[in-house]
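Each value in this text was obtained by applying a stated rule to the coordinates, not by laboratory testing. None of the values given here were measured: they were computed from a predicted structure. Here Cβ is always computed from backbone atoms with ideal geometry, including for glycine, and neighbour counts include all displayed protein chains.
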Amino acid sequence: MNIDSHSHLLPAVDDGVEEIEESLAILEEMKLKGLQRLYLTPHFFSPRSPTDPAEIMKRWHEFRLELNNHSVEVLLGSEIFLRPEVLESDLIAMGESNCLLIELSTQRKPHYLLEVIEKLQKKGFRIILAHLERYHYLFKRGGLIFGKTEPTDDIHKLRDMGVLFQVNWNSLDKDPNARVLVDRRIADITGSDKHKRGDNRLIIDFHDDRYRLFLNDSFL
């Protein structure tokens, strides 16, 4: 199944689209590229894009029938910014699965990274780290000045814990971190992270052979 794991197309809840008309227009473009299932993943606990869980659910109930009327299955999830408070909160998993899409700070590694993820796993959740390529503190340069990008031990620890890794489709052509994740078969899932028209984020082309490098339909 052709699945986009990551989008911000639920209207008027975060830094994604504002109007349902734009959501539907983008959804039609995605369908032409072969999309069969789309996860809406509004921000949750994000310091950059604060959201209200009640408003997310209100908008979902308002628009879900219209969104699902275009021969694409549209499911609700969320993109959860990792912080200790998530352990005491009602979280929105990906559709009917036990998967949580988790976002990290791009500035510095959270000192509680492994601890909070492990506690979420003990609650029965499977963790997907969103756009792993953005977290430069999880990569290092091997060898000399122009050495290749290498994953740090933290990535291997997370992998050993059973954490899944998502990379953005838009990063495949230009991001060395994304390339090493794909080349080493460390990346499990891809997503568009589409926010709105004109955001320079590419829609996944499911006719592109690179989509077969991912296991979206095995987990979502």
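Could you check the range 36-57 and list, in sequence order, the residues that are in a loop (DSSP other than H, G, I, E, B) and either within 28 Å of SER218 (Cβ to Cβ) or of a type in the set (Gly, Ala, Ser) (or both)?
Going through the range 36-57, the residues in a loop (DSSP other than H, G, I, E, B) turn out to be 36, 41-42, 45-52.
Residues satisfying the conditions are GLN36, THR41, PRO42, PHE45, SER46, SER49.
Looking only at the range 85-143, which residues are touching a Gly at 6+ places or on another chain (Cβ under 7 Å) and more than 19 Å from LEU220 (Cβ to Cβ)?
The answer is ARG141, and nothing else.
Any idea which residue in the range 195-212 is nearest to HIS8 (Cα to Cα), counting only those that are part of a loop (DSSP other than H, G, I, E, B) and in contact (Cβ under 8 Å) with a residue 60 or more places away in the chain?
Filtering the range 195-212 for residues part of a loop (DSSP other than H, G, I, E, B) gives 195-208.
This time we only want the ones that are in contact (Cβ under 8 Å) with a residue 60 or more places away in the chain, so: 195-197, 203-207.
Working: HIS195: 5, LYS196: 8, ARG197: 11, ILE203: 12, ILE204: 14, ASP205: 18, PHE206: 19, HIS207: 23 Å.
Top of the filtered list is HIS195.
Checking ILE80 against (1) closer than 17 Å to SER46 by Cβ; (2) of a type outside the set (D, E, K, R); (3) out of contact with any strand residue (DSSP E or B) (no Cβ under 6 Å at 6 or more places or on another chain), which test does it fail?
(3)
Hey, does the range 193-214 have a residue that's in contact with a Pro (Cβ under 9 Å, 6 or more places away or on another chain) and on the phi < 0 side of the Ramachandran plot?
Checking the range 193-214: not a single residue is in contact with a Pro (Cβ under 9 Å, 6 or more places away or on another chain) and on the phi < 0 side of the Ramachandran plot.
Listed residues ILE204, ILE186; which is β-branched (Val, Ile, Thr), touching a strand residue (DSSP E or B) at 6+ places or on another chain (Cβ under 9 Å) and farther than 23 Å from PHE139 by Cα? Quick ask: steps written out before the conclusion?
Details: ILE186 fails: farther than 23 Å from PHE139 by Cα.
Every option except ILE204 fails the conditions.
If LEU158 satisfies all but one of (1) closer than 22 Å to MET30 by Cβ; (2) part of a helix (DSSP H, G or I); (3) among the hydrophobic types (A, V, I, L, M, F, W, C), what's the number of the condition it fails?
(1)
Please work out which residue is surrounded by the most Cβ atoms within 10 Å (Cβ to Cβ), limiting yourself to the range 7-30 and to residues that are of a type outside the set (A, V, I, L, M) and touching a helix residue (DSSP H, G or I) at 6+ places or on another chain (Cβ under 9 Å). Give the steps one after another, and end with the answer.
Within the range 7-30, the subset of a type outside the set (A, V, I, L, M) is 7-8, 11, 14-16, 18-19, 21-23, 28-29.
Going one step further and asking which of them are touching a helix residue (DSSP H, G or I) at 6+ places or on another chain (Cβ under 9 Å), we end up with 7, 11, 14, 16, 23.
On the way: SER7: 28, PRO11: 21, ASP14: 23, GLY16: 24, SER23: 26.
For the range 7-30, the residue satisfying everything is SER7.
Just name the residue that is farthest from ALA12 (Cα to Cα) out of those in the range 161-194 that are in a loop (DSSP other than H, G, I, E, B) and among the small types (Gly, Ala, Ser). Give the derivation first.
Taking the range 161-194 first, the residues in a loop (DSSP other than H, G, I, E, B) are 161-163, 172-175, 184-188, 192-193.
When the remaining residues are screened for being among the small types (Gly, Ala, Ser), the result is 162, 187, 192.
Values: GLY162: 34, ALA187: 31, SER192: 19 Å.
By that ranking, first place goes to GLY162.
Taking the range 116-166 only, how many residues are in contact (Cβ under 8 Å) with a residue 40 or more places away in the chain, on the phi > 0 side of the Ramachandran plot and among the small types (Gly, Ala, Ser)?
1
Take the range 1-52 and flag every residue that is among the polar types (S, T, N, Q), over 14 Å from the mean Cα position of the chain (by Cα) and within 15 Å of THR190 (Cα to Cα).
Those that are among the polar types (S, T, N, Q), over 14 Å from the mean Cα position of the chain (by Cα) and within 15 Å of THR190 (Cα to Cα): ASN2, GLN36.
Do you know which residues across the range 1-35 are assigned to a loop (DSSP other than H, G, I, E, B), closer than 28 Å to LEU215 by Cα and either of a type in the set (Lys, Arg) or free of Cβ contacts under 8 Å to residues at least 40 places away in the same chain (or both)?
If the condition is that a residue be assigned to a loop (DSSP other than H, G, I, E, B), closer than 28 Å to LEU215 by Cα and either of a type in the set (Lys, Arg) or free of Cβ contacts under 8 Å to residues at least 40 places away in the same chain (or both), then ASP14, LYS33 are the ones that fit.
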